[in-house]
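*Asks:* I'd like to ask you about the structure that follows.
Read-outs: derived from the displayed coordinates by stated rules, not from any lab. What you are looking at is a predicted structure, and each value in this text was computed from that prediction instead of being measured. Cβ coordinates were reconstructed from backbone atoms using ideal geometry, including for glycine residues, and neighbour counts include every protein chain displayed.
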Amino acid sequence: MQKSNQEKWILYSTCDEDSYSELRALDIRSNDRVLAVTGSGCRTLSLLACNPKSLTSVDFSPGQNYLLELKLAAIRTLSYDMLLKFFGVEDCSNRWEIFSSFEDKISPQAFAYFSANRWAIDKGILFTGRHELFYVRFVAPLMRVLYGKQLDQIARAANLEEQREIFNKHISGFLWDLMIRVGFSPLSIQIILNDPKYLVEMNVNVGDYLIERLAHTFNNHLVRDNNWTSFMFYGKYLEYQGKRCLPHFLLEENYHAIRQATTKFEIVTGNLIEYMKKMPEHSIDKYSLSDVTSCIDTPTFTSLINEVVRTGANQGKLCYRNFLNKQLIPSNLEDVLQRDQELSDSLYHDDLAFAYSFEIAQINKTKKPVAEISTVAGIS
């Protein structure tokens, strides 16, 4: 793979998170000032569809931010049908020509980055992240070999009862469990991430955890209606009775909402915590921090939460996911960051991306003076 400006190729190119959960957690309003982690950019675009007052999307990876630039430019420029073709959801023979027309619509750095990785544009950008290629090149082909007939049946299952029977009788078992434990071992995860900037501090048994969570999703959510499991096991977004299963930001109604948004929008490349340290107090209403806990250690997580306390507006909301590293809101901040246990549990059950647990909290600065909050949080 070619690289531009010595930048590693992107890790994430499409949604492995369920934006519906994010939107339920944060309840974005028109006067909200929102801070998000970019990742694949899909979740940021779903937030943009809600048309908040302002939205800042931060990532330490320039490539992930270039991808967000490209996705937004494509949404604003292309018809809906052409957008699906350019992104790789539908067949297209002229993706490079389409991309070339974006030269004056994205930054010179982003244009150079993707120009140096033409293979990804030609393939369809949603399917080319290092993470996504793991599923397209390895998981989906292996699933076809081992469970091809059963997966075809699941893709056509009329209801959950039919899907449950297929999964529990013909897929779940020793071979399935072994495949998950090997595929999601610490070594496999390190190979997929392949980036020293990710400080993976695991405090869960990933294989056993995912066996349980995959059983949950096969028994509670139709795969053909779930964009992430569709992508994971089939290497594409399934179509059933003429309807394509797509991430939230790619649904036609949200495509139009993003195009019409009047949000003050900014993309920032850099360290999230260092960026937040430069922000004024009370300057953010809603925090969409993805599964940031999976790529930072405990002291860094503590610093991040302290900055949320400092920069958060009273009655604001915080949402982050846990996967590899389960980090809870520090006990000394529970009065300020009031956890919503009921909603966190509900999202854990309903989330289509199945692997994540949620930490949802409301920021309450009314019980303690700001100076006292800063002292408790360890902020000088």
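*Asks:* Treat every Asp and Glu Cβ in segment 234-363 as -1 and every Lys and Arg Cβ as +1, leave all other atoms uncharged, and give the resulting dipole magnitude about the Cα centre to the nearest 20 debye.
*Replies:* It comes to approximately 420 debye.
*Asks:* Let me ask something else. Between rounded, prolate and oblate, where does segment 1-93 land on the alpha carbon gyration tensor, with a ≥ b ≥ c its root eigenvalues, rounded for a/c under 1.5, else prolate if a/b exceeds b/c?
*Replies:* Oblate is the answer for segment 1-93, as a/c is 1.5 or above yet b/c matches or exceeds a/b.
*Asks:* Rounding to the nearest 20 debye, state how big the charge dipole of the chain is about its Cα centre with +1 on each Lys and Arg Cβ and -1 on each Asp and Glu Cβ.
*Replies:* About 540 debye.
*Asks:* Along the principal axes of its C-alpha atoms, what lengths does the chain span, in descending order and rounded to whole Å?
*Replies:* Result, largest extent first: 62, 50, 37 Å.
*Asks:* Something else now. Whole-Hz ³J(HN,Hα) for each residue in segment 304-319, computed from phi via Karplus 6.51 cos²θ - 1.76 cosθ + 1.60 with θ = phi - 60°, x for glycine and proline: what do you get?
*Replies:* Listing the rounded values in order: 4, 5, 4, 6, 4, 4, 6, 8, x, 7, 4, 6, x, 9, 10, 9 Hz.
*Asks:* If Lys and Arg each add +1 and Asp and Glu each add -1, what is the summed charge of the other residues whose beta carbon sits under 15 Å from the beta carbon of Phe127?
*Replies:* Numbers: positive: Lys71, Lys85, Arg95, Arg118, Lys123, Arg130, Arg137, Lys236, Arg244; negative: Asp16, Glu90, Asp91, Asp122, Glu132.
Around Phe127, the charge tally is +4.
*Asks:* Still on this structure: Using only the Cα atoms of segment 1-156, what do you get for the radius of gyration and for Dmax, in Å?
*Replies:* Final numbers for Rg and Dmax: 16.8, 51 Å.
*Asks:* Taking R0 as 22 Å, what FRET efficiency do you get between Met279 and Arg259 from their Cβ-Cβ distance, rounded to the nearest 0.05?
*Replies:* Between Met279 and Arg259 the formula returns 0.20.
*Asks:* Let me ask another. Can you work out ³J(HN,Hα) from phi for every residue in segment 138-146, in order, using Karplus 6.51 cos²θ - 1.76 cosθ + 1.60 and θ = phi - 60°, giving whole Hz and x for Gly and Pro?
*Replies:* Coupling constants for segment 138-146: 10, 5, 4, x, 5, 5, 5, 5, 7 Hz.
*Asks:* Continuing with this model, one more query. Compute from the Cα atoms of segment 84-172 the Rg and the Dmax, the latter being the longest Cα-Cα distance, and quote both in angstrom.
*Replies:* Gyration radius and largest Cα-Cα distance of segment 84-172: 18.4, 54 Å.
*Asks:* Mind ranking 61-70, 261-270 by how tightly packed they are, going by the mean number of other C-beta atoms within 10 angstrom, highest first? Can you show the working numbers first?
*Replies:* Values: 61-70: 23.6, 261-270: 15.1.
Per-residue mean Cβ counts within 10 Å order the peptides as 61-70, 261-270.
*Asks:* Moving to a separate point now. Using amide H atoms built in the peptide plane, which far-off residues or other-chain residues are under 5 Å from Gly316 H to H?
*Replies:* Amide H neighbours of Gly316: Ile363.
*Asks:* Follow-up. Can you compute the helix-only [θ] at 222 nm over the chain? Use -39500 (n - 2.57) per DSSP H run of at least 4 residues, normalise by all residues, nearest 500 deg cm²/dmol.
*Replies:* -13500 deg cm²/dmol
*Asks:* Let me ask another. For the chain, can you list the cysteines whose C-beta has no other cysteine C-beta under 4.7 Å from it?
*Replies:* If one checks each Cβ against the other cysteines of the chain, Cys50, Cys92, Cys245, Cys295, Cys319 turn up with nothing under 4.7 Å.
*Asks:* Taking amide H positions as placed 1.01 Å from N in the peptide plane, with prolines and chain starts having none, which residues 5 or more places from Ser172, or on another chain, fall under 5 Å of its amide H?
*Replies:* none
*Asks:* Ok, one more. Can you tell me the length gained on complete extension of the stretch Ser115 to Thr302, counting 0.36 nm per residue apart and subtracting the Cα distance? If you can, show how the numbers build up before the last one.
*Replies:* Working: separation 187, 0.36 × 187 = 67.32 nm, distance 3.89 nm.
So the chain would gain 63.4 nm between Ser115 and Thr302.
*Asks:* OK, next. Could you pull the Cα extents of segment 226-380 along its three principal axes, largest to smallest, in whole Å?
*Replies:* 58, 34, 29
*Asks:* List the residues whose amide H sits under 5 Å from the amide H of Thr38, counting only those 5 or more places along or on another chain, with H placed 1.01 Å from N in the peptide plane.
*Replies:* Under 5 Å from the amide H of Thr38: Val58, Asp59.
*Asks:* Could I ask something else about it? Could you give me the ³J(HN,Hα) list for segment 11-22, computed from phi with Karplus coefficients 6.51, -1.76, 1.60 and θ = phi - 60°, whole Hz, x at Gly and Pro?
*Replies:* 7, 10, 10, 8, 6, 10, 10, 9, 5, 4, 5, 4
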